[in-house]
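Following: one structure in structure tokens, then a few remarks.
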Amino acid sequence: TVCEADERVGRSILATGNGRCNFSNVRVDAGLYRNAEFVGAALAQLRAQGGHADGCEEPGRKKAVRSTDAALPADAVCPDPVHAFFAGLGLVWREEGEGRLYPLANKAASVLDVLRAGARDAGARELCGCEAVRIDPPSHAGDRFHVRFAGGAVRHAEAVIVATGGRTARGLLPEGFEATEPRPVLGPLRTDSRLVKALNNIRVRCAISLMSPDGDAKAREEGEVLFRDYGVSGIAVFNLSRFAEAGDMLRIDLLPRMDAPMLEQLLLERRSRLFARA
């Protein structure tokens, strides 16, 4: 049973990928991740629990129909357990630049819908509008946990997973229970809005560096940066955010396809034409 304080389970998924949800990549390789050992173990576990390395078909379930945009024929075996998992749920997808996979409908709701349907098929239930405020541990052998909700309702369970994140999780746990301390998730970075507001929703491929207030380089990424009215976002920024602290500085360098003199000459010519029109 999933107890959700919001009115819909998985609502945060709807905001991913600018509302389109880049749910995977054509090449899912643990070696491409910083924490390769953890990702490799997760992929192996997914494969063992139903990733179906020998094909996309789940027992008792028809083979999923997939988009030709995914560059895979309908009867192809799935190349990795992530693709197999989503194919088994019936998701249809397409490939975009750098191997990014999006649902064919270009709507994050497609991903959320198949996940919820899959959970429902597996026997999971959703209870929305249920805000847990306290969890009491079993008082004696054979007893169950008591989950107390805002409004006074109480539910009982043999096992409870607290996955709220942030400080909320620590406040729910019974005293004395061990827990993994939460850390900030990857995300966008807020900057001086005066510098970026005019660039809102513009994307650019560039090199972006994170520096300490003293100017020491902490990390550098190359990739797509999305300017927002509050700061910067995009995959490269997300990768940097794991190292970011208040007061750090960002440096963005374009990756020109021409050398500096050629670029300068081009800009001067464009400036001349603009002033000539004025």
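Among the numbered conditions (1) surrounded by 10 or more Cβ atoms within 10 Å (Cβ to Cβ); (2) of a type outside the set (Gly, Ala, Ser); (3) at pLDDT below 90; (4) over 18 Å from ASN18 (Cβ atoms), the only one that ARG257 does not meet is (1).
State yes or no: is LEU210 in contact (Cβ under 8 Å) with a residue 12 or more places away in the chain and touching a helix residue (DSSP H, G or I) at 6+ places or on another chain (Cβ under 9 Å)?
yes
Among the residues of the range 168-201, write down those that are aliphatic (A, V, I, L, M) and either open to solvent by 80 Å² or more (accessible area, probe 1.4 Å) or in contact with a Lys or Arg (Cβ under 9 Å, 6 or more places away or on another chain) (or both).
From the range 168-201, those aliphatic (A, V, I, L, M) are 169, 172-173, 179, 185-186, 189, 195-196, 198-199; that's our starting set.
LEU172, ALA179, VAL185, LEU186, LEU195, VAL196, ALA198, LEU199 - these are the residues of the range 168-201 that are aliphatic (A, V, I, L, M) and either open to solvent by 80 Å² or more (accessible area, probe 1.4 Å) or in contact with a Lys or Arg (Cβ under 9 Å, 6 or more places away or on another chain) (or both).
Residue under question is GLU245, and the condition is that it be open to solvent by 80 Å² or more (accessible area, probe 1.4 Å), at pLDDT below 85 and not aliphatic (A, V, I, L, M); does it hold?
On the way: open to solvent by 80 Å² or more (accessible area, probe 1.4 Å): yes; at pLDDT below 85: no; not aliphatic (A, V, I, L, M): yes.
When the stated conditions are applied, GLU245 does not pass them.
List the strands (runs of 3 or more DSSP E) that sit entirely inside the range 77-164 and contain at least 1 residues that are buried (at least 16 other Cβ atoms within 10 Å of the Cβ). Steps first, answer last, please.
Details: elements: 93-95, 100-103, 126-128, 132-136, 145-149, 154-157.
Those strands (runs of 3 or more DSSP E) span 93-95, 100-103, 132-136, 145-149, 154-157.
State yes or no: is ARG220 in contact with a strand residue (DSSP E or B) (Cβ under 8 Å, 6 or more places away or on another chain), in contact (Cβ under 8 Å) with a residue 12 or more places away in the chain and either within 22 Å of TYR33 (Cβ to Cβ) or of a type in the set (Gly, Ala, Ser) (or both)? Answer is yes for this residue.
In the set LEU274, LEU226, which member is over 30 Å from ILE135 (Cα atoms) and either modelled with pLDDT of 90 or more or in a strand (DSSP E or B) (or both)? Step through it out loud before you land on a result.
Values: LEU274 fails: either modelled with pLDDT of 90 or more or in a strand (DSSP E or B) (or both).
Within the list LEU274, LEU226, the selection yields LEU226.
Residue pairs whose Cβ atoms lie under 6 Å apart, separated by 6 or more positions or on different chains, with the first residue in the range 103-122 and within 16 Å of ARG11 (Cβ to Cβ) and the second among the hydrophobic types (A, V, I, L, M, F, W, C) and part of a helix (DSSP H, G or I), are ALA108/ILE13; ALA108/LEU14; LEU112/ILE13; VAL114/LEU89.
Criterion applied to GLY171, GLY152 was being small (Gly, Ala, Ser) and within 29 Å of the chain's Cα centre (by Cα), and the one residue passing it is GLY171.
Figure legend. Inter-residue proximity from the range 76-89: first residues within 18 Å of GLN45 (Cβ to Cβ) and at pLDDT below 80, second residues in a loop (DSSP other than H, G, I, E, B) and open to solvent by less than 20 Å² (accessible area, probe 1.4 Å), beta-carbon distance below 6 Å, spacing 6+ or different chains. Indicated pairs: CYS78/CYS56.
Yes or no, residue by residue, for (1) open to solvent by 80 Å² or more (accessible area, probe 1.4 Å); (2) more than 24 Å from ARG100 (Cβ to Cβ); (3) of a type in the set (A, V, I, L, M, F, W, C); (4) assigned to a helix (DSSP H, G or I):
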{"position": "ILE208", "(1), (2), (3), (4)": "no, no, yes, no"}
{"position": "LYS218", "(1), (2), (3), (4)": "no, yes, no, no"}
{"position": "GLU221", "(1), (2), (3), (4)": "no, no, no, no"}
{"position": "ALA236", "(1), (2), (3), (4)": "no, no, yes, yes"}
{"position": "LEU240", "(1), (2), (3), (4)": "no, no, yes, yes"}
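The values are calculated or read from the model by the stated rules, or taken from the named source; none is laboratory data. Worth saying up front: this structure is predicted, and the values here are computed from it rather than measured. Positions of Cβ are generated from backbone atoms using ideal geometry, with glycine treated the same way; all protein chains shown enter the neighbour counts. Protein only, heavy atoms only, side chains kept; ligands, DNA and RNA dropped before computing areas. Shrake-Rupley method; radii C 1.70, N 1.55, O 1.52, S 1.80 Å.
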